[in-house]
Amino acid sequence: MMTFKPPYWYHSNIKFSKDEINELKSDFHKTHRLLKKEETHEDHLTSYFIHSQVLPDKHNNRYDKIIEDIVKSVGLYEAVRYEYIYWIQLYKKKMKHNPHNHSFPINDERRKYSDTIISWVHFINVPKQKCFRFIDNAGNTLIPDEQLSGDIIAFPSWLWHEVLPNESNQERIVISGNISVTHYD
């Protein structure tokens, strides 16, 4: 019998301060109100459909460095040019995210999945419950240990994953993203 061991990489633990978390939540809620009904999910709140940058500019430098480090750590930095996008997700009590992956091509200039090779999750402010898990088509699962507030994990974009219902009264906040290759050497 084979054990399900999907490839993923622990990157680092980079915490946001309480003030940064509160600012992030405030910015998110202001922007999220602009979404059309067809762009929202009842099972979780996301800025994925918002085409303007939802994070304050001060976070761009932080993620530029994090993404560069991820691309270096998987040995691609010298061989590719890349770009990335990221979005915020909030999960109140009982909210979840159904199984999905980030590798299917879609027809949207901002989200070019066909060239997406690495996806990542930054657990900004999360309860003790480990909600994020990998899943395969046979129903096998793996719950990564690295899900403390501040933890960042990266994984191949084709890897199926889901978020189990948040059973905590604490709001779960993550920033997720995709790294796409724009040029191979």
> For segment 122-133, what does the Karplus curve 6.51 cos²θ - 1.76 cosθ + 1.60, with θ = phi - 60°, yield as ³J(HN,Hα) per residue in whole Hz, taken in order and with x for Gly and Pro?
Replying inline: 10, 7, 6, 8, 10, x, 5, 4, 8, 8, 7, 8
>> Using only the heavy atoms of the protein chains and a 1.4 Å probe, how would Glu83, Glu78 rank by accessible area, largest first?
In response: Glu78, Glu83
>> Can you give me the distance in nm between label points at Ser26 and Asp136, each placed 7 Å from the Cα along the Cα-to-Cβ direction?
In response: 4.7 nm
> Among the listed pairs Lys5/Lys96; Lys5/Lys130; Lys18/Lys130; Lys72/Lys94; Lys72/Lys128; Lys65/Lys130, which are separated by more than 28 Å between their Cα atoms?
Replying inline: Lys72/Lys94; Lys72/Lys128
> Round to a whole number: what % of the accessible area of segment 76-185 belongs to carbon and sulfur, probe 1.4 Å?
Replying inline: 51 percent
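The values are calculated or read from the model by the stated rules, or taken from the named source; none is laboratory data. Treat the numbers as computed from the prediction; the structure is a model and nothing was measured. We place every Cβ from the backbone using ideal geometry, glycine too, and count neighbours over all the protein chains shown. Keep in mind that these areas ignore ligands, DNA and RNA; they rest on the heavy atoms of the full protein, side chains included. Shrake-Rupley method; radii C 1.70, N 1.55, O 1.52, S 1.80 Å.
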